[in-house]
Amino acid sequence: MAIPSASMEFVMLMFRERRPAFRTIEGWARSVLLEAGAIRECEEHGWMQDRTDPHARDRAIEIARETPPHGVSPEAAAVAVAEVLDGIGDTCPECLPEDRH
């Protein structure tokens, strides 16, 4: 049996952190949208805002299809993400027009 040398390279497997369990599909969809960068939180008031990034929206829908919550079909997960995003505006309702982030 050969002893590995110090110069031997080791490959580390990367595991994605498992998402926490959610009580609703909407809560899960919001977490996917945040992960994909499709929405952000107003730093001052905490309201979610649509970043209007079509690439981030596509990534969120792709994530939803690839890793739907237990018991939800990939298509239903993608629809849930799209519906939650459609309900989020691109401005914070509490920010004054000159304060918008």
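Residues in segment 78-101 that are in contact (Cβ under 8 Å) with a residue 40 or more places away in the chain and within 15 Å of LEU34 (Cα to Cα) were compared, and the one that is surrounded by the most Cβ atoms within 10 Å (Cβ to Cβ) is VAL81. Kindly establish whether THR91 is closer than 23 Å to ILE25 by Cβ and polar (S, T, N, Q). Taking the combined requirement at face value, the residue does not satisfy it. Residues of segment 38-75 that are of a type in the set (Gly, Ala, Ser) and either touching a residue at least 40 places away in the same chain (Cβ under 8 Å) or exposed (fewer than 13 other Cβ atoms within 10 Å of the Cβ) (or both): ALA38, GLY46, GLY71, SER73.
Scan segment 62-101 for residues that are farther than 19 Å from ARG51 by Cβ and not hydrophobic (A, V, I, L, M, F, W, C) and the total you get is 11.
No value in this document is a laboratory result; all are computed from the given coordinates. Please read these numbers as outputs of a predicted model, since none were measured by experiment. Neighbour counts run over all protein chains shown; Cβ positions are idealised from the backbone, glycine included.
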